[in-house]
1. For Thr89, work out the one condition from (1) loosely packed, with under 12 Cβ neighbours inside 10 Å; (2) farther than 20 Å from Tyr152 by Cβ it doesn't fulfil.
2. Any idea which of (1) basic (Lys, Arg); (2) under 28 Å from Asn10 (Cβ atoms); (3) loosely packed, with under 12 Cβ neighbours inside 10 Å is the one Lys116 doesn't satisfy?
3. Among the residues of the range 121-150, how many are outside any helix (DSSP H, G or I) and either under 11 Å from Thr50 (Cα atoms) or modelled with pLDDT of 95 or more (or both)?
4. Is the range 112-123 home to any residue that is under 17 Å from the mean Cα position of the chain (by Cα) and either among the hydroxyl-bearing types (Ser, Thr, Tyr) or under 19 Å from Ile23 (Cα atoms) (or both)?
5. Kindly indicate the residue of the range 49-67 that is under 16 Å from Leu94 (Cα atoms) and aromatic (Phe, Trp, Tyr) and also surrounded by the most Cβ atoms within 10 Å (Cβ to Cβ) among those meeting that condition.
6. Which is over 21 Å from Gly17 (Cα atoms), crowded, with 18+ Cβ neighbours inside 10 Å and in contact (Cβ under 8 Å) with a residue 24 or more places away in the chain, of Leu101, Leu128, Leu43?
7. I'd like to verify a number: residues in the range 38-96 that are within 20 Å of Tyr123 (Cα to Cα) and not in a strand (DSSP E or B), how many?
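The values are calculated or read from the model by the stated rules, or taken from the named source; none is laboratory data. Everything numeric in this text was worked out from a predicted model, so none of it was measured. Every residue, glycine as well, gets a Cβ built from its backbone with ideal geometry; the counts of neighbours run over all protein chains shown.
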Amino acid sequence: MERIASFSINHDVLQKGMYVSRIDGDVVTYDIRMVRPNAGHYLENAAMHTFEHLFATFVRNSEHSDSVIYVGPMGCRTGFYFLIRDALTNQQALDLFRKTLEFIAAFDGPIPGASKSAECGNYLEHDLEGAKAVAADIAAVLKDWTAADMTYKN
């Protein structure tokens, strides 16, 4: 089988940030690295789960909701994939993610989609304070980023 593109990135030099991972037709996949790969620290499951619920809820209710295809955590627990239609520029995607981080960092209340049965398959494993801490950390990393910073550096 062919090696997929995301396995071709040197994870030992990959830093926290938001990168254009791939473009497939009109779909852009963003690689949002929230912790350094292979550095011994990974996103905690409960915080990552809550972050996912808040991230997905915010972007799917944003002015760009028609462009959002998918939000989901990486199995390696180092970040998230964010797939959008290319109707948005890279800068607009970055700005939308920054707004998402502000929303998560300030969120107070019941976690959307986190009730038993109809909404969530693991409703007991959530950590709002952990999700807020993750949001604040990556927001600091992306504070001065522009679309020009969204290219992998090997």
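1. (2)
2. Exception for Lys116: condition (2).
3. Of the residues in the range 121-150, 11 are outside any helix (DSSP H, G or I) and either under 11 Å from Thr50 (Cα atoms) or modelled with pLDDT of 95 or more (or both).
4. no
5. Applying the first criterion (under 16 Å from Leu94 (Cα atoms)) to the range 49-67 yields 55-56, 58-60, 62-65, 67.
From the residues that got through so far, the ones that are aromatic (Phe, Trp, Tyr) too are 55, 58.
Numbers: Phe55: 24, Phe58: 22.
Of everything passing the filter in the range 49-67, Phe55 is surrounded by the most Cβ atoms within 10 Å (Cβ to Cβ).
6. On the way: Leu101 fails: over 21 Å from Gly17 (Cα atoms); Leu43 fails: over 21 Å from Gly17 (Cα atoms).
Going through Leu101, Leu128, Leu43 in turn, just one is over 21 Å from Gly17 (Cα atoms), crowded, with 18+ Cβ neighbours inside 10 Å and in contact (Cβ under 8 Å) with a residue 24 or more places away in the chain: Leu128.
7. Qualifying residue count, the range 38-96: 19.
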